[in-house]
Every structure is written in C-alpha cells, then in structure tokens.
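One structure is given below, encoded as structure tokens.
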Amino acid sequence: MSAYLPHAARLRTLLVFSDLAAMVLAIWLAYDLRFGPRMRAEKWNQLWESPGLLIWALIAGFTLTAAAELYEPEVLHRRREVIVRVLVMAGAWSMTIVLATYLKPNWAYGRGVLLLTTGSWAALLVVTRWIMTLWLRRRARFPALVIGDPADVKEFCRSLGSRPSAPWVPVDGSGIDSDDIPAETRRRGASIVVLAGGDEHTLEMGHDLAGIHFSGVPVVAASEIWAWLEERLPLEALTPALFLHQPGFGAVHWTLFNRLTRIADIVLAILMLVLTAPIFFLAAFLVMVTDGFPVFYLQRRVGQFGRHFTLLKLRTMGRNAEAAGPEFAIERDPRTIPIGRLLRRFRFDELPQLVNVLKGEMSLVGPRPERPEFVARLTEEIPYYAFRTAVPPGITGWAQVNVTYARDLEDHRRKLEYDLYFIRERSVRLYLLTLLRTVSAALVGVRK
C-alpha cells in the first residue's frame, strides 16, 4: 500500500533532516551566545574532540522525538499537543546529556550551553512543525475516485474529506455505471480508486476493475486507506472475504521473526528488570504502606492460542474491588487506591509482568491479555475478536498506545481494530515503535 501513497515516506524523511539541521543550528547558537570570540574557538575544539557525545546527542534526540510521536502527521495538526510533546522530549533529552557527561567525565558540555541548546532546539522543532502543518494544509491533493454503495461512499467521502493529513481529495463515484468507471477514472485524473463498503456487489466491482489496477491506478478497499491514515483496520469495512485475504496475516507463522522477537523479549525484559528494580521495590513498598497486603495481584488471563496463564501485577485497587463480580477497568476507576492511580498513570503496576515475559507466557509487545470471562463475552459480540490470540499477548500493545481504557463495547471494538493492524503489520519497526510510544503515553498520555 505504501507504494501508492503520495508523500508517504517524504514527510517523515523531511522532518528527520529538518530536526538534524535544527540541532546543528541550536548548538551553534548556544556556543555563539554563551562564549565570547576568544573562548569560542577553544570550546568548539573541545566539542569536536568528543565525537561520542555528538553521536549520543543525535541518537537520543531522534529516539526521543520518535517516542514523542513528533514524526506522526496526525499529531502535527494539534498545536498545543505538539508544544507539550516537544517540551517533554527536550527535557528528557537534556537529562540524557547530563547523564552521559556524568558517566563520561571527559565529555564536557556546560550547563549554560545545554540550557541554550535545549531551548533553541525545542523552539526550532515547534517552528518546523508549524511550517510543515501549513504545507500539509495547502499542498495539492490527488483525486481519489470512491465507488460502491451510495451510503458507504458518502460516509467515506465525508470522513476522508475531514482529514487534513490525507493526501487525497475524495470524488463521489457512486452514481457511475461499472462499465464507465475506467473512462471516468481517466477523466477525473484519479490517482487511486477506492471500494467503499464490503457487500458482494462492491467486491465484484473490484474484480471487474483489474484492468485499471494493472494500468497503474491502484484499486484498494476502504480499509486500506484507514490502515494507512489511522494505523487500524476498521471492523465495519472488513467482510469475511477481505479479512481472510488481508496481506500480512501470514506473518503470525513466520518462525524467524517469532524467534527474533522472543530473543528481544528476553534481553529487554532482563535489562528492564535490572534498571527498574529500585522503582519496583519502592512501588511495592508504597502499596504495602498505604493499603496493606497483598502487594501483588494474580489473575487468570487468556494467552496465545487461548491458553490460560497467571498474570502478575502490583495491586492498584482495593482488596474488595470485585465484590460485585468482574468489571472492566476504566480510566479514573473509583476502585483504584490513591497510590494506584500514580502507578497506573506511569505503567509501573505492569513491571511484574516482565516475569511473565521471561516465562514465555507474554511478549513485551502484543494485544493485552483479557480475562476468560471477558474474552467469552467479547468473542460473541465483536467479529474477529478471537483472532487476537494468534500472537503472544503483550505488556504493552498497539491498541494501548492509541486508545485509552475501554469503557464499553464500542471502545473494545476500536481497540481490536488497532490490535488487528498490529497483527497484520508485525515487524521490528512496529515492535520498537510501540515500545517508544509506551514511553510517550506514560509521560504525556495517549493521543486521542
């Protein structure tokens, strides 16, 4: 799909290079403002004698910028959110530089220079993203001919037209006879033909349009458009035929990838257990002091292929939280103990699940495991829900970093759409991106 997307890779690449230029300019401004002409040359020489510090600054900067989702087109259009994310990212970046200079004393980068660099770089990042937003809104959009059921076409055109990040302008083609679609595609200059709706007639039209597809104008289902724009697979656009023929679902049986992610899970879980041990013991102590024992919460969950396992968590709710029976957890759940709100906000209550990862019951990244009672109910009410268990469940997941707590059936449907996208698109990039976004969600919240 990405081969047919105008500006698909261009935007992120442009942002990366603009951020690199912004960092270079910020460092130059910091040295120019902080030091006089006599000292400036000497300080520049000291900096160039520490190439490791520059490499560390670049790696940390781009990693944190990606974690803050500042390369995502959807985030660019929310100015206040961009400013908050830039400030959080810049603060975290400055702390990584301080940590690096502490661990490597020969890496010298003064506090005054660091403050000026951080402030300048943050300001330049906000400005470049404001400029990029203006370009996205004013750039030429390519016509997308939308055909299918009239009601579905109208709804799709409305939704696509309201998306400023979409590279297409929708053209309603519901009234066009199927025999006239090739000529109408050429007349309108359409760069893509979209099949809206999943009924049999619409799918048959797709088979009849093979000539257009192989002539260079792609013919795609509406679900593919949303998969690119929102990184989810909308359930209303997935018929059984479309679901079974989704490209990428075969990756669940990709043995090499599964082994690589298992190795990554083990290595990262051990590293995280070591690094977060002080936080874990402090959190456990606070639970014990504020609400007594037990500190841990053990619960049966459904794992890969429907196998049950015992999930470990730090207890964040009262001991009688489920006296009335199992209930879905919600944001700002009244059953949560005071310290539990803080633990859940920063995901510290999930740290014991690193043990589940080492035991092979979970992965670091995957659909969140649910309780057997909930799985039975949701499988009956939501199509394709059982397919979540085709991959190992995760401590964090693509749905968790895109959707807040599910409060009702509709929220669970939306989370499933992101889970299905993750399963279909499983890759090292998405695995790492989910981990980075988890950090972003913990610091600034899940983007709505």
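Tabulated data
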{"quantity": "Sparsely packed GluC sites (Glu not before Pro) within the range 23-106, loop by DSSP, other Cβ within 10 Å at most 13", "calculated": "49"}
{"quantity": "Paramagnetic label zone (point 7 Å from Cα along Cα-to-C-beta, residue 17; backbone N under 11 Å) in the range 32-71", "calculated": "none"}
{"quantity": "Reachable lysines from residue 104, criterion Cα separation under 28 angstrom, eight or more residues apart if same chain", "calculated": "43"}
{"quantity": "Set of aspartates and glutamates with alpha-carbon distance to residue 313 below 20 Å, sequence-local pairs under 8 removed", "calculated": "265, 291, 322, 327, 331, 333, 349, 350, 361, 370, 373"}
{"quantity": "Inter-probe distance in nm under a simple model that places probes 7 Å from Cα toward Cβ, at residue 55 and residue 127", "calculated": "3.1 nm"}
{"quantity": "Footprinting exposure proxy for 59, 382 (fewest neighbouring C-beta atoms within 10 Å first)", "calculated": "59, 382"}
{"quantity": "Square roots of five times the Cα gyration tensor eigenvalues for the chain, Å", "calculated": "40, 35, 18"}
{"quantity": "Amide H within-cut-off set for residue 142, under 5 Å, with H built and near neighbours excluded", "calculated": "168, 169"}
{"quantity": "The range 21-99: Rg to Rh, with Rh as the Kirkwood radius over Cα pairs", "calculated": "1.05"}
{"quantity": "Listed residues 432, 136, 33, most fluctuating in the chain (Gaussian network, C-alpha, under 10 Å)", "calculated": "33"}
{"quantity": "Spin-label zone in the range 135-158 - amide nitrogen under 20 Å from a point set 7 Å from the Cα of residue 188 along the C-beta vector", "calculated": "140-158"}
{"quantity": "Mean separation of Cα contacts under 8 Å, 6 or more apart, over the residue count of the chain: relative contact order %", "calculated": "14 percent"}
{"quantity": "Estimated vicinal HN-Hα couplings, Hz - the range 408-423 in sequence order (Karplus 6.51, -1.76, 1.60; Gly, Pro = x)", "calculated": "8, 4, 5, 5, 5, 4, 5, 5, 4, 4, 6, 5, 5, 4, 4, 5"}
{"quantity": "Amide H within-cut-off set for residue 221, under 5 Å, with H built and near neighbours excluded", "calculated": "195"}
{"quantity": "Theoretical gain in end-to-end length, residue 178 to residue 305 [0.36 nm per residue, Cα-Cα removed]", "calculated": "41.4 nm"}
{"quantity": "Phi to ³J(HN,Hα) by Karplus 6.51 cos²θ - 1.76 cosθ + 1.60 over the range 264-278, Hz, x for Gly, Pro", "calculated": "4, 4, 5, 4, 5, 5, 5, 4, 5, 4, 5, 5, 9, 4, x"}
{"quantity": "Zero-based 10 Å bins, Cα pair distances in the range 2-137, whole percents", "calculated": "12, 41, 30, 14, 3, 0"}
{"quantity": "Ranking of 97, 192 by count of other Cβ atoms within 10 Å, fewest first", "calculated": "97, 192"}
{"quantity": "DSSP-defined antiparallel bridges as percent of all bridges, the chain, nearest 5", "calculated": "35 percent"}
{"quantity": "Ranked list, fewest to most other Cβ atoms within 10 Å of each Cβ, for 265, 32", "calculated": "32, 265"}
{"quantity": "Antiparallel DSSP beta bridges within the range 252-444, as percent of all bridges there, nearest 5", "calculated": "80 percent"}
{"quantity": "Selection from 395, 233, 100 lying farthest towards where the dipole of the chain points positive, charges on Cβ", "calculated": "100"}
{"quantity": "Per-residue ³J(HN,Hα) for the range 231-236, Karplus 6.51 cos²θ - 1.76 cosθ + 1.60, θ = phi - 60°, Hz, x for Gly and Pro", "calculated": "6, 8, 10, x, 5, 5"}
{"quantity": "Cα-only radius of gyration and Dmax that characterise the range 140-230, units Å", "calculated": "11.8, 34"}
{"quantity": "Quotient of Cα Rg and 2.2 N^0.38 Å for the range 252-444, N being how many residues it contains", "calculated": "0.99"}
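Read-outs throughout are calculated quantities, based only on the coordinates presented, and are distinct from any laboratory measurement. This structure is a prediction, so every number in the text was calculated from the model and none was measured. Reconstructed Cβ throughout: ideal geometry from the backbone, glycine too, with neighbour counts over all protein chains shown.
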